[in-house]
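To start, the structure itself, in structure tokens.
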Amino acid sequence: MKNRVQSILLVVCGVAMAGLLSADLKKGYYSPAELGSLWQAKPVEHLPDSNYQVSEYPVPPVDLTRGDGLQDVQIYCNTCHSPRYITMQPPLPAATWEAEVNKMNKTFGAAIPEEDAQKIIRYLQAHYTPETRKQ
Amino acid sequence: MNATKPCPSRRGLLKILGAASGGLAVSRWLGLDLALGQDEAPGKAVETFTGPGPNAHWNSVGPYVTEPQKVPLLLLTDRPVQLETPRHYFRTAFTPNEAFYVRWHLEGIPNAVDLKNWKLQIEGNVNKPLAFSLLELMQKFKPVSLAAVNQCSGNSRSRLQPRVPGGQWGNGAMGNAMWTGVRLRELLDIAGIKKGSLQVQFQGLETGHGPQGLGSSIFLKSLDIGNPVLGECVVAYLMNGEPLPMLNGFPVRLVVPGYFATYWTKCLTWIRVLAASDENFWMKTGYRVPDTARGNTTPEDVKQGKVKTVPIGRLPVRSFLISPDGSCKIPAGMTVTLQGIAFSGFGRVERVEVSDDQGKSWMGTRLGDDYGAYSFRTWEGSWTPKSPGRYSLAVRATDEKNNTQSDEAVWNPGGYLWNRIERQEVVVGNAS
């Protein structure tokens, strides 16, 4: 009889302890976010010849802020490089953006007509300075 | 960072379902993916950019992307390709090829090279211009192997204050490999450098859309004829015992031991001896650093045109803590292993020290295997935090020329030469 009471007590205590523990253990929480997921690339089929080939380099979409001048950015900047060069930058002062666009024309020979270059500068200043850029 | 932050709230049906057995699985069964998410996901992603303050993360904050012959790496730009190596790949002295960072300047980079047509050409101010196929490079010359760190000039650029434009690298624009190939000196000797030559210029297969001759159409780098490093350079066709990944410069790449990667021309195809100094953009304007201690200057001095510059050169001494990386708490009283890497372009790393008290005292560490003066050197130590709290672990290296890391920041307009003492915050919790 005494043994039986003890074992019941033990079971009751055990359940109580488990309750305490589970209050501390957060388990099995899953999030619906798609973060971090990606598809595997298909392996390249090689031929035993002298040509050494890899598949094309992926160009993921770039999330540029909508606004006046975006079309000019997409036309002119895209000629030589992906506009990800813009979104990768930290927020830059207005004068720095102006200097960057001027560098593309003067140093790198981008030949963006002056009017369009000004539109690109205004776009970058409107969305990518410390005052204007948003996460 | 938010390990103890409670789970974000959910709504309606999902709140009930999710509480029982996990929102993702349940929502998938019900086909509710689209109804979910959008407003919750951004809170959990790392920020999409850093600044105007310094990037507080070890790596850059770009998304992961899988490029040909690579594991998922951190994307800086996709056209041309710039990829950063995540921190944990630096646990070992040699960086795996598939995780090795990538940095191109111009968008025209090869997807394919036909070795039937490709030849390495040695031309310009030489007695006998030459061209070698890959087979000839492998068979006619005795192969040499050398471990050397390849670090981008702008590695850690995202630390600078004020921030400067350019590739916003964290610390992962570096890697170490065992490079095998032909000594550059042998190739130059066979061709015969004519008297009065000033520089040797290197050109690879990358091209851009800019007008001919400008920096936007061609990438050219040169080294002075009298620079002793020419005697150490290797034209490498093997990287860690494998052909080079296309993105790292297949079929051959120039290895310039101890120097920044800008000189390590990928897909090297033309070696050109010059009778005049190289005036192209990538020598005269790009990749130049102030001719001052540690390449330091100020925005004010730059504005006033006071800064004399020189082409970037050797790698200043650096060291990194790779583990612990702050992703987990450490229970007080537990002895954990500190591990990392160190290197210097000026000589063998002789000492790596760690501090957990803001640099008041420094504790020595054990250095790993020695693969030569230009390699990563791994290091290891033990650390037992006695009480809970927030600790800052600092690490500094010293090389055989007694160059050591400083705790002062570096600033120059190109965002080069960062080598300040690195720190890692570690949270220590109660063990009972």
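The values are calculated or read from the model by the stated rules, or taken from the named source; none is laboratory data. A quick note: this is a predicted structure, and the numbers were derived from the prediction, not measured. No Cβ is skipped: glycine too gets one built from the backbone with ideal geometry, and neighbour counts run over all protein chains shown.
Any residue that is out of contact with any Gly (no Cβ under 7 Å at 6 or more places or on another chain), farther than 25 Å from B:Val81 by Cβ and more than 8 Å from every other protein chain (Cβ to nearest Cβ) - is there at least one of those in region A:32-41?
Checked against the condition, which is being out of contact with any Gly (no Cβ under 7 Å at 6 or more places or on another chain), farther than 25 Å from B:Val81 by Cβ and more than 8 Å from every other protein chain (Cβ to nearest Cβ), region A:32-41 yields no hits at all.
Please tell me if A:Asn51 is at pLDDT 95 or above and closer than 27 Å to B:Arg159 by Cβ.
No; evaluated as a whole, the condition is false for this residue.
Are any of the residues in region B:183-195 touching a helix residue (DSSP H, G or I) at 6+ places or on another chain (Cβ under 7 Å), farther than 25 Å from B:Val349 by Cα and more than 10 Å from chain A (Cβ to nearest Cβ)?
Among the residues of region B:183-195, at least one is touching a helix residue (DSSP H, G or I) at 6+ places or on another chain (Cβ under 7 Å), farther than 25 Å from B:Val349 by Cα and more than 10 Å from chain A (Cβ to nearest Cβ), which makes the answer yes.
Please determine, by comparing only the residues of region B:284-299 that are within 14 Å of chain A (Cβ to nearest Cβ) and out of contact with any helix residue (DSSP H, G or I) (no Cβ under 9 Å at 6 or more places or on another chain), which one is nearest to B:Ile193 (Cα to Cα).
B:Lys284
For a quick check of your reading of the model, give me the residue pairs whose first member lies in region A:113-127 and is closer than 14 Å to A:Ala95 by Cβ, whose second is of a type in the set (D, E, K, R) and buried (at least 20 other Cβ atoms within 10 Å of the Cβ), with beta-carbon atoms closer than 6 Å and at least 6 apart or on different chains.
Filtered contacts from region A:113-127: no entries.
Residues of region B:118-173 being closer than 30 Å to B:Pro86 by Cα, in contact with a Leu (Cβ under 9 Å, 6 or more places away or on another chain) and among the aliphatic types (A, V, I, L, M), which ones?
B:Val149, B:Val164, B:Ala173
Could you tell me whether A:Gly36 is closer than 24 Å to B:Lys70 by Cβ and either touching a Leu at 6+ places or on another chain (Cβ under 6 Å) or not acidic (Asp, Glu) (or both)?
It is true that A:Gly36 is closer than 24 Å to B:Lys70 by Cβ and either touching a Leu at 6+ places or on another chain (Cβ under 6 Å) or not acidic (Asp, Glu) (or both).
Please count how many residues of region A:121-131 are away from chain B (no Cβ under 12 Å) and either over 29 Å from B:Ala45 (Cα atoms) or assigned to a loop (DSSP other than H, G, I, E, B) (or both).
Within region A:121-131, residues that are away from chain B (no Cβ under 12 Å) and either over 29 Å from B:Ala45 (Cα atoms) or assigned to a loop (DSSP other than H, G, I, E, B) (or both) number 2.
Have a look at B:Ser327, B:Ser319 and point out the one that is of a type in the set (S, T, N, Q), within 25 Å of the chain's Cα centre (by Cα) and closer than 24 Å to B:Val255 by Cβ.
The unique qualifying residue is B:Ser319.
Does at least one position in region A:82-97 carry a residue that is at pLDDT below 95 and under 19 Å from A:Lys134 (Cα atoms)?
Within region A:82-97, none of the residues are at pLDDT below 95 and under 19 Å from A:Lys134 (Cα atoms).
What residue, among those in region A:95-107 that are surrounded by 17 or more Cβ atoms within 10 Å (Cβ to Cβ) and more than 7 Å from chain B (Cβ to nearest Cβ), is nearest to the chain's Cα centre (by Cα)?
Looking at residues that are surrounded by 17 or more Cβ atoms within 10 Å (Cβ to Cβ) and more than 7 Å from chain B (Cβ to nearest Cβ), I get A:Trp97.
Determine which single condition B:Val65 fails, assuming it passes every other condition in (1) β-branched (Val, Ile, Thr); (2) without any contact (Cβ under 8 Å) to a residue 40 or more places away in the chain; (3) within 24 Å of B:Val252 (Cα to Cα).
Every condition holds for B:Val65 apart from (3).
Within region B:334-374, how many residues are of a type in the set (Asp, Glu) and closer than 19 Å to B:Gly175 by Cα?
Total meeting the criteria: 2.
Sort through B:Leu230, B:Leu220, B:Leu268 and tell me the only one that's more than 21 Å from B:Leu417 (Cβ to Cβ), more than 14 Å from chain A (Cβ to nearest Cβ), hydrophobic (A, V, I, L, M, F, W, C) and assigned to a helix (DSSP H, G or I).
B:Leu230
So the check is Cβ under 7 Å with 6+ separation or different chains; which pairs have a first residue in region B:143-159 that's under 16 Å from B:Val289 (Cβ atoms) and at pLDDT 95 or above and a second one that's assigned to a strand (DSSP E or B) and not aromatic (Phe, Trp, Tyr)?
B:Gln151/B:Met174; B:Cys152/B:Arg103; B:Cys152/B:Met174; B:Asn155/B:Met174
Taking region A:66-92 only, how many residues are surrounded by 17 or more Cβ atoms within 10 Å (Cβ to Cβ) and either free of Cβ contacts under 8 Å to residues at least 12 places away in the same chain or at the interface with chain B (Cβ under 9 Å from one of its Cβ atoms) (or both)?
Looking only at that region, the number is 11.
Report, by residue number, each residue of region B:277-318 that is over 25 Å from B:Ile421 (Cβ atoms), of a type in the set (S, T, N, Q) and buried (at least 17 other Cβ atoms within 10 Å of the Cβ).
Answer for region B:277-318, where residues must be over 25 Å from B:Ile421 (Cβ atoms), of a type in the set (S, T, N, Q) and buried (at least 17 other Cβ atoms within 10 Å of the Cβ): B:Asn280, B:Thr309.
Out of the residues in region B:167-181 that are under 17 Å from B:Ala147 (Cβ atoms) and of a type outside the set (S, T, N, Q), state the one that is surrounded by the most Cβ atoms within 10 Å (Cβ to Cβ).
B:Ala177
Considering (1) part of a loop (DSSP other than H, G, I, E, B); (2) within 11 Å of another protein chain (Cβ to nearest Cβ); (3) modelled with pLDDT of 95 or more, say which one A:Asp63 fails and leave the rest.
Every condition holds for A:Asp63 apart from (3).
Kindly indicate whether any position in region B:47-57 is over 30 Å from B:Glu242 (Cα atoms) and modelled with pLDDT under 95.
Checked against the condition, which is being over 30 Å from B:Glu242 (Cα atoms) and modelled with pLDDT under 95, region B:47-57 yields at least one hit.
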